[in-house]
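What follows is a set of notes on a single structure, which appears directly below.
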Amino acid sequence: MSQINSKQRAFLRSMCNTMDPSLFIGKEGILDTTVQECENLLEARELIKCSIQKEAPLSAREALEQLCEKTGAEPVQCIGRKFCIYRPKQKSDPVIQLPL
């Protein structure tokens with residue numbers, strides 16, 4: 001996947017602000033089922049917000065890096081215990097149209 005530029009990242013960040021987390025990472029950390037759930041969410045929504053629970057063994061930054069590496073997604077934003085990642089749909093046309 002190609003890197004997204006700063007204008008595209010800013011556009012995606014603005015979309016993240018109003019989103020609720022759809023993926024939660026708990027005390028087990030990132031398991032295969034977590035990665036599969038993330039894949040399914042990315043294919044359905046393209047842009048997802050994730051939340052790290054207090055008892056999780058990872059920081060939000062570590063979880064962001066691991067999920068992006070395993071799913072081929074791009075990091076958008078990481079603030080506190082929440083982060084957003086983006087990956088255009090792979091099985092059909094992307095819904096989110098990024099600015100050039």
Are any residues in the range 8-26 of a type outside the set (A, V, I, L, M, F, W, C) and surrounded by 11 or more Cβ atoms within 10 Å (Cβ to Cβ), and if so, which ones? 8, 9, 13, 21, 22, 26
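Can you find a residue that is outside any loop (DSSP other than H, G, I, E, B) and loosely packed, with under 15 Cβ neighbours inside 10 Å anywhere in the range 80-100? Full working, then the answer.
Filtering the range 80-100 down to residues outside any loop (DSSP other than H, G, I, E, B) leaves 82-86.
With the extra rule that they be loosely packed, with under 15 Cβ neighbours inside 10 Å, the set shrinks to none.
Scanning the range 80-100 turns up no residue that is outside any loop (DSSP other than H, G, I, E, B) and loosely packed, with under 15 Cβ neighbours inside 10 Å.
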Residue list for the range 13-69, restricted to those being hydroxyl-bearing (Ser, Thr, Tyr) and in a helix (DSSP H, G or I): 14, 33, 34
Residue check, residue 51 in contact with a strand residue (DSSP E or B) (Cβ under 8 Å, 6 or more places away or on another chain), among the polar types (S, T, N, Q) and within 13 Å of residue 38 (Cβ to Cβ): yes
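Please go through the range 1-12 and pick out each residue that is assigned to a loop (DSSP other than H, G, I, E, B) and over 15 Å from the mean Cα position of the chain (by Cα).
At the first step, the residues of the range 1-12 found to be assigned to a loop (DSSP other than H, G, I, E, B) are 1-5.
2, 5 - these are the residues of the range 1-12 that are assigned to a loop (DSSP other than H, G, I, E, B) and over 15 Å from the mean Cα position of the chain (by Cα).
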Starting from the range 45-62, keep only residues that are over 13 Å from residue 29 (Cα atoms), then list their pairs with residues that are among the basic types (Lys, Arg) whose Cβ atoms are within a distance under 8 Å, requiring at least 6 positions of separation or different chains. 46/87; 46/89; 49/82
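Is it the case that residue 51 is out of contact with any Gly (no Cβ under 6 Å at 6 or more places or on another chain), of a type outside the set (Asp, Glu) and surrounded by fewer than 17 Cβ atoms within 10 Å (Cβ to Cβ)?
In short, no.
Among the residues of the range 58-69, are any among the small types (Gly, Ala, Ser), crowded, with 17+ Cβ neighbours inside 10 Å and in contact with a strand residue (DSSP E or B) (Cβ under 9 Å, 6 or more places away or on another chain)? If you could, list the steps in order and put the result at the bottom.
Filtering the range 58-69 for residues among the small types (Gly, Ala, Ser) gives 59-60, 63.
Among the residues that remain, those that are also crowded, with 17+ Cβ neighbours inside 10 Å are: 60, 63.
Then drop every residue that is not in contact with a strand residue (DSSP E or B) (Cβ under 9 Å, 6 or more places away or on another chain), which leaves 60, 63.
Looking through the range 58-69, at least one residue is among the small types (Gly, Ala, Ser), crowded, with 17+ Cβ neighbours inside 10 Å and in contact with a strand residue (DSSP E or B) (Cβ under 9 Å, 6 or more places away or on another chain).
Every number in this text was worked out from the coordinates using simple rules, so none of it is lab data. Nothing here was measured: the structure is a model prediction, and the numbers come from that model. All Cβ positions, even for glycine, are placed from backbone atoms using ideal geometry, and neighbour counts span all protein chains on display.
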